[in-house]
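Working notes, beginning with the structure itself.
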Amino acid sequence: RIFRLSNMDEIRVQPERFERPLRFHLASWWDAEQARFEGALFSEIAVLRVSPRGAKRLAALLPRGADAMRSVSGNGWATVKMAIENSDHGARELLGLGAEVEVISPASLRERVHMLAAGIAALNASHS
């Protein structure tokens, strides 16, 4: 089990002991556990079209964006797949790319990006 240290109020040393398995390697275990956690957390796949500028920004902003961009070659717009947590979370991550990204699927993500962008446009419309 994994425990978050910041959630602990008190630590007491217990008399019981344990033996670490001989072939246990903490770094390897941690890498596998992190991959398992992220796989469960980011369980949806978004299909995106990104401009060259958007590709650079996506790779710089998100580790998952950098992973998605590894398969891209060429200088034009690219279609990539990126893991997202859900449509709301994914939309909020992608809004920072502005018109440098287009959501192909899922439809729920595309609709959420549209709704958030429309809200931003309405809020910032001229008040002449």
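The values are calculated or read from the model by the stated rules, or taken from the named source; none is laboratory data. None of these values were measured; they are calculated from a predicted model. Here Cβ is always computed from backbone atoms with ideal geometry, including for glycine, and neighbour counts include all displayed protein chains. Only protein heavy atoms, including side chains, enter the accessible area calculation; ligands, DNA and RNA are left aside. Shrake-Rupley method; radii C 1.70, N 1.55, O 1.52, S 1.80 Å.
The figures follow:
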| quantity | calculated |
| --- | --- |
| Test for residue 51: is it of a type in the set (S, T, N, Q) and closer than 29 Å to residue 2 by Cβ | no |
| Test: residue in segment 25-44 that is closer than 16 Å to residue 82 by Cβ, open to solvent by less than 80 Å² (accessible area, probe 1.4 Å), at pLDDT 90 or above and touching a helix residue (DSSP H, G or I) at 6+ places or on another chain (Cβ under 9 Å) | yes |
| Segment 116-126, residues that are in contact (Cβ under 8 Å) with a residue 24 or more places away in the chain and open to solvent by 50 Å² or more (accessible area, probe 1.4 Å) | 120 |
| Criterion: more than 13 Å from the chain's Cα centre (by Cα), surrounded by 13 or more Cβ atoms within 10 Å (Cβ to Cβ) and within 29 Å of residue 39 (Cβ to Cβ) - qualifying residue of 109, 94 | 109 |
| Flag for residue 126 being polar (S, T, N, Q) and under 30 Å from residue 2 (Cα atoms) | no |
| Residue that is modelled with the lowest pLDDT [pool: residues in segment 69-91 that are open to solvent by less than 90 Å² (accessible area, probe 1.4 Å) and closer than 15 Å to residue 57 by Cβ] | 72 |
| Helices (runs of 4 or more DSSP H) wholly inside segment 12-71 containing at least 2 residues that are of a type in the set (Asp, Glu) | 26-41 |
